[in-house]
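Data block below; observations after.
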2 protein chains.
Amino acid sequence: MNTRLHDPFKTAFDSLDEFADLISQVLMCPITIEDANHRLLAYSTHDERTDPARISTIIGRRVPEKVINQLWKEGTIPALLKTQDPIRVKNMNDIGLNHRVAISIWKQDEVIGFIWAIEIDKLLTEEDFILLKKAADAAKNKLLQLQTRKNKKEERSQEFFWKLLTGHLKTTEEIVDHFHSLQITPPASFAVLVFQFQENISNKVEQSISYLLKTNQRIKITLYTIDCNQLILLVSATNLESPFNDLDQFAKYFVLQMRERYGIKGIKPGYSSIFEDHQKTNKAYKESLSVLSIKEKFPLDTNDIFNYQKLGIYQILDMILEKRQTDAYENYSLKRLHEYDEKHNSNLIETLEVFLNKDNNINDAAKELNVHANTLNYRLKRITEIGEVNFKDPNQKMVLYLDLKLEKYQRI
Amino acid sequence: MNTRLHDPFKTAFDSLDEFADLISQVLMCPITIEDANHRLLAYSTHDERTDPARISTIIGRRVPEKVINQLWKEGTIPALLKTQDPIRVKNMNDIGLNHRVAISIWKQDEVIGFIWAIEIDKLLTEEDFILLKKAADAAKNKLLQLQTRKNKKEERSQEFFWKLLTGHLKTTEEIVDHFHSLQITPPASFAVLVFQFQENISNKVEQSISYLLKTNQRIKITLYTIDCNQLILLVSATNLESPFNDLDQFAKYFVLQMRERYGIKGIKPGYSSIFEDHQKTNKAYKESLSVLSIKEKFPLDTNDIFNYQKLGIYQILDMILEKRQTDAYENYSLKRLHEYDEKHNSNLIETLEVFLNKDNNINDAAKELNVHANTLNYRLKRITEIGEVNFKDPNQKMVLYLDLKLEKYQRI
DNA sequence: GAACGTTTTGTGAAAATCTCCAAAAAGAAT
DNA sequence: ATTCTTTTTGGAGATTTTCACAAAACGTTC
């Protein structure tokens, strides 16, 4: 027993799995080893007793997202990131978690992994805690090896990604070959997703990002890189039927988590259409940037839009503005309505805009304007008279809508 | 009596009015003299008896439009344009016309005016007819004088108009001065209206045009000129409240009459927005031409549109097309819908287009598609699923509409 | 042709929208 | 102050639209 307390882990071992079994034997409980992003690195097979959370972790080769979220909310992970000591986690039946003890594995001042010990039928003692700490220290070197191997691969990936983004790779075969040489299956369909941060992305923030991306299970992130204040991702949806939905959800999720977990605010997502041909990565990248630049120009109207497709009319608004300016065009209807508003200080223009925004829905628009539906009806009648507009004509309505938005844009 | 039959009109007279009185005395009935466009040139005051049609003619200094229309329909004017002999017109109480006799005044093979004799209490005899013929002959020279004077003025007007259209006159004062020197009051607001003919406009057609324009009383035509197959007008609406309405009506009226009266088909009208500043005549002209060129590109969709304002989205469609082509943009939703149509040979795309054309009106669209309203509803639901569209978002709908039209355009 | 999924059509009830009228309120004009 | 016009609001009733459900028709696949 004395030797055991001394340091039972100072022996040579080939694989992390072997090492996990060793810990398991020493502490007499199931052991799981994860990297910093909660990907499964190894697990003990010696002890067959386990809990549902561990099973899903092993099956999926990563800790389930809901478990991670719970551990963040409840404070375990933040604690593990602060201290080098073991942390005890209480039973959480709703996510299938038994009592367990966790410890983080450190390389200098950075966490590079975790060891989990599940307390099946006995709780670990103070002594065990000391042993666990020694185990964590012993695991460090093995993990570092894995990391450097990964880093090299990542560097090559990054270079390849930039070539894709800038359109340097001309043929589809060349691109697919590159993917394979990096041992990545090229996604059947993809989009480029860019998160724009308020400030340049520091190394520290980069780690948080990396963590969030790796733990995400909503969408597949094939490649990612960082450019000043932009995080650029090559992503593909797991659900092929409604990819936009998935992407939207992920974008919102990412922004939310960055704010809640790390206090980083003001991240703006923008993503491209979905493409099948990898040669179009460059185009996809441009679309994403275009989304971001348009979101800057029309922040209010495009607040909930992240996707180039969903930008709708805003895709082409600045181009139209340019033409309208060179043509010195003036919308006659809007002009008359403005004149009327001026003269009678009414607000027909505002009324019109809300009505069009609300997709011609009288009730919704009336609610937003805080007037009676009949009032709105009356105003609309006046608008058709004064502006000589026909609301049954989608054509005319569109131009009104466009010109309204343009006016607004010009005023700013 | 003998001398009277010989030629009572071979005397000198100063004005046409004097001459009208002379005829009136000889034939013992009220006399009116008009130019080829039914503008009043002179009328007898000797005889006080008259009829409502004559009164309005004198008051308005032109024959009322409904009277002219009636005389065309009923054949009097066509007859007068064919023969040099007097024509008798029957009583037409509904338009206030008594019995009367008319004769056309000729210069070579062209009618340059008319003389009207109203048969108040006695019908004109054969003898009177011969006298009338002599009167017409005598009136000819006087009318010619008037015409040449007018022609000179018209030439100067034409030159001025072209300067306006091409934007050669820089300051508004300069333009207003020009107007005044031509004894024209510059209209407070105006539009440029262009009729495009299928063939170059011959002199003969020009006469018909001139006639139609001069007899029109719906809108004020300040200036007009002809350029190859285009008739260009500077017009202003008499009704300031709904100028577009007036202009639309006139455009349709002109096209109709040219076809019905002269058998000239395929005339396409196009007119600009309404402007107040005469420096913008050039812009107005460009807008009109733009309408015509767009009508050529989208003949079906823009068939009932003559006005730049009402062109709606078509104003900017070719510009958008250009951008979409350089961007190699592809609408994801439409792509998926097309694929679905292809695979299941359905017609979701057509359904979508009709639905959008009909301004989201299920019933109207269903009628046009010859399906049950529920069928349409079902299809729309499928469209939102397959194309990942949200029909409550006016933005998305607009882009769909635009891209649909663009596709259609590209296919042609 | 049986089995299956997709599409079309029909029905009816609930919800909404529209139409019309009238009264009140607010502004403008005299 | 009063008249007149314009605007807002309310409500009742008619009309439309929407929605869910079910049956029938159609197409594909085995």
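A few points about this structure:
- Qualifying position, being polar (S, T, N, Q) and either outside the structural domain of A:Gln145 (by TED's automatic domain parsing) or within 24 Å of A:Asn203 (Cβ to Cβ) (or both), among A:Gln70, A:Gln108: A:Gln108
- Test: A:Glu368 is assigned to a helix (DSSP H, G or I), closer than 24 Å to A:Tyr329 by Cα and not basic (Lys, Arg): no
- Filter result for the condition that a residue is in contact (Cβ under 8 Å) with a residue 24 or more places away in the chain, of a type in the set (D, E, K, R) and loosely packed, with under 14 Cβ neighbours inside 10 Å, over B:Arg62, B:Arg39, B:Arg49: B:Arg49
- Flag for A:Lys73 being farther than 16 Å from A:Gln217 by Cα, without any contact (Cβ under 8 Å) to a residue 12 or more places away in the chain, part of a helix (DSSP H, G or I) and within 29 Å of the chain's Cα centre (by Cα): yes
- Among the residues of the stretch A:366-387, those identified as within 8 Å of DNA strand D (Cβ to nearest atom) and polar (S, T, N, Q) are A:Asn370, A:Asn374, A:Thr375, A:Asn377.
- Just one of the numbered conditions (1) over 41 Å from the mean Cα position of the chain (by Cα); (2) of a type outside the set (Lys, Arg); (3) more than 14 Å from every other protein chain (Cβ to nearest Cβ) is not true of A:Ile386: (3).
- Within the stretch A:120-132, considering residues that are in a helix (DSSP H, G or I) and without any contact (Cβ under 8 Å) to a residue 60 or more places away in the chain, the one surrounded by the most Cβ atoms within 10 Å (Cβ to Cβ): A:Phe129
- Filter pass, B:Asn303 being in a loop (DSSP other than H, G, I, E, B), under 43 Å from the mean Cα position of the chain (by Cα) and loosely packed, with under 15 Cβ neighbours inside 10 Å: yes
- Here B:Glu353 passes the criteria (1) at pLDDT 90 or above; (2) over 41 Å from the mean Cα position of the chain (by Cα); (3) away from DNA strand C (no atom under 12 Å from the Cβ) except the one numbered (2).
- Looking across the stretch A:297-312, the residues that are touching a residue at least 24 places away in the same chain (Cβ under 8 Å) and over 23 Å from A:Phe275 (Cβ atoms) come down to A:Lys297, A:Phe298, A:Asp301.
- Within the stretch A:371-396, tally of residues that are within 13 Å of DNA strand C (Cβ to nearest atom) and either open to solvent by 60 Å² or more (accessible area, probe 1.4 Å) or outside any helix (DSSP H, G or I) (or both): 8
- Test result for A:Ile23, assigned to a strand (DSSP E or B) and touching a residue at least 40 places away in the same chain (Cβ under 8 Å): no
- Looking across the stretch A:306-328, the residues that are farther than 16 Å from B:Tyr332 by Cα and more than 8 Å from chain B (Cβ to nearest Cβ) come down to A:Leu317, A:Asp318, A:Leu321, A:Glu322, A:Arg324, A:Gln325, A:Thr326.
- Looking across A:Ala328, A:Ala284, one residue alone is small (Gly, Ala, Ser) and over 33 Å from the mean Cα position of the chain (by Cα). It is A:Ala328.
- Residue among A:Ala102, A:Ala117, A:Ala135 that alone is in contact with a helix residue (DSSP H, G or I) (Cβ under 8 Å, 6 or more places away or on another chain) and assigned to a helix (DSSP H, G or I): A:Ala135
- When A:Ile55, A:Ile23, A:Ile59 are screened for being over 25 Å from A:Gln207 (Cα atoms) and in contact with a strand residue (DSSP E or B) (Cβ under 6 Å, 6 or more places away or on another chain), only A:Ile23 passes.
- Filtered by the rule that a residue be assigned to a helix (DSSP H, G or I), hydroxyl-bearing (Ser, Thr, Tyr) and either within 11 Å of DNA strand D (Cβ to nearest atom) or open to solvent by 60 Å² or more (accessible area, probe 1.4 Å) (or both), the stretch A:325-365 gives A:Thr326, A:Tyr340, A:Thr351.
- B:Lys280 passes every criterion in (1) farther than 27 Å from A:Leu311 by Cβ; (2) assigned to a loop (DSSP other than H, G, I, E, B); (3) facing another protein chain (nearest Cβ under 10 Å) apart from (2).
- Filtering the stretch B:329-367 to residues that are over 28 Å from A:Tyr308 (Cβ atoms) and away from every other protein chain (no Cβ under 14 Å) leaves B:Asn345, B:Ala366, B:Lys367.
- Meets criteria (more than 9 Å from chain B (Cβ to nearest Cβ), open to solvent by less than 60 Å² (accessible area, probe 1.4 Å), of a type in the set (Ser, Thr, Tyr) and not in a strand (DSSP E or B)) for A:Tyr285: yes
- Subset of the stretch B:401-412 [more than 9 Å from every other protein chain (Cβ to nearest Cβ) and surrounded by 15 or more Cβ atoms within 10 Å (Cβ to Cβ)]: B:Asp403, B:Leu404, B:Lys405, B:Leu406, B:Glu407, B:Tyr409
- In the stretch B:65-94, the residues that are surrounded by 15 or more Cβ atoms within 10 Å (Cβ to Cβ) and in contact with a helix residue (DSSP H, G or I) (Cβ under 7 Å, 6 or more places away or on another chain): B:Glu65, B:Val67, B:Ile68, B:Gln70, B:Leu71, B:Trp72, B:Ile77, B:Pro86, B:Ile87, B:Val89, B:Met92
The values are calculated or read from the model by the stated rules, or taken from the named source; none is laboratory data. These figures come from a predicted structure and were not determined experimentally. Here the Cβ is made from the backbone with ideal geometry for all residues, glycine too, and neighbour counts use every protein chain on show. We work out accessible area using only protein heavy atoms, side chains counted, and drop any ligands, DNA or RNA first. Shrake-Rupley method; radii C 1.70, N 1.55, O 1.52, S 1.80 Å.
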